[in-house]
Amino acid sequence: MEFFDSHSHYNDEKYDEDRKNILKEIYNEGITRTVCIGYNVEKSKFALEIAKEYDYIYASCGISPNDIEDYNEENLKEIENLAKDNKIVAIGEIGLDYYWNKDNKEKQKELFIKQIEIANSLRKPIIIHTRDAVADTIQILKEHPVLEKGIFHCCPLNPELIKDGLKLGFYISFSGNITFKNAKSERAVLEVPNEKILIETDCPYLTPEPFRGRRNDSKKVKLVAEKIAEIKNMTLEEVSKTTYENANKIFKI
Ligand SMILES: [Zn+2]
């Protein structure tokens, strides 16, 4: 069985000590594809560097709402240049985060829209980070349609957001959050048709149960797949195959 972890951060310092080993390990464990996600200029460059070194790793580039200090014209140009590389399969993670930052909403929206424009000019999909900002995120996507669509990453278990996201043609990516003791997971997972579902770890963060609190890595994407199999009454093999094909499709691999 092979798995596609649609969202990882092997560009994070938490892997500085053992990056080479962990990347070999995940591949040997059947995680034969992942996208290393950028979130500011420096980490986007590093994500691409990693992707160029490993055949089975792809990358994305973008400035996240939590890295808004990176937002200026020069850096946007830099993101656009990086994004032209074949190994960059999406613009992201980008979006809105009112959980960490409530006082710069307009600036966050502006940055989000400018990066949607970059994605559209290069015909690449986007990876959306949204936290406590569902209504504004959906409104922006309606007013600024994304040509190649994209992914709601680590999707908040909010059935309204999922409905709206699906209506806009987006994929929904579930992470370890569906394994936490929480009644919302089931409803959220059942809301997403098989052809729109993806799995991810968002590692090194969001470690699934029963390893919560420790550093995460792509091997644990299997726990997310198992939970989906359980909720949707599918075999693990069916979940691995479906999510793998979906990820290849949205990232055009
Ligand atoms: Zn992330």
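The values are calculated or read from the model by the stated rules, or taken from the named source; none is laboratory data. Nothing here was measured: the structure is a model prediction, and the numbers come from that model. Cβ: placed from backbone, ideal geometry, glycine included. Neighbour counts: every protein chain shown. Surface areas here come from the heavy atoms of the whole protein model, side chains and all, with no ligands, DNA or RNA. Shrake-Rupley method; radii C 1.70, N 1.55, O 1.52, S 1.80 Å.
Summary of computed values
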{"read-out": "Extreme residue, farthest from Thr130 (Cα to Cα), among residues of the range 160-176 that are assigned to a helix (DSSP H, G or I) and open to solvent by less than 20 Å² (accessible area, probe 1.4 Å)", "value": "Gly176"}
{"read-out": "Selection within the range 19-40 - open to solvent by less than 50 Å² (accessible area, probe 1.4 Å) and more than 14 Å from the ligand (Cβ to nearest atom)", "value": "Arg19, Ile22, Leu23, Ile26, Gly30, Ile31, Thr32"}
{"read-out": "Whichever residue in the range 41-95 is away from the ligand (no atom under 14 Å from the Cβ) and assigned to a strand (DSSP E or B) and, among such residues, is surrounded by the fewest Cβ atoms within 10 Å (Cβ to Cβ)", "value": "Ile57"}
{"read-out": "Counted residues, the range 216-253 - those being surrounded by 14 or more Cβ atoms within 10 Å (Cβ to Cβ), of a type in the set (Lys, Arg) and not in a helix (DSSP H, G or I)", "value": "0"}
{"read-out": "Selection count, the range 97-112, where residues are touching a strand residue (DSSP E or B) at 6+ places or on another chain (Cβ under 6 Å) and loosely packed, with under 15 Cβ neighbours inside 10 Å", "value": "1"}
{"read-out": "Hey, Asn120 open to solvent by 10 Å² or more (accessible area, probe 1.4 Å), assigned to a helix (DSSP H, G or I), within 16 Å of the ligand (Cβ to nearest atom) and touching a residue at least 24 places away in the same chain (Cβ under 8 Å) or not", "value": "no"}
{"read-out": "The range 194-215, subset over 17 Å from the mean Cα position of the chain (by Cα) and not in a helix (DSSP H, G or I), residue farthest from the ligand (Cβ to nearest atom)", "value": "Pro210"}
{"read-out": "Which numbered condition Tyr10 misses (of (1) more than 11 Å from the ligand (Cβ to nearest atom); (2) of a type in the set (Ser, Thr, Tyr); (3) farther than 19 Å from Ala247 by Cα; (4) part of a loop (DSSP other than H, G, I, E, B))", "value": "(3)"}
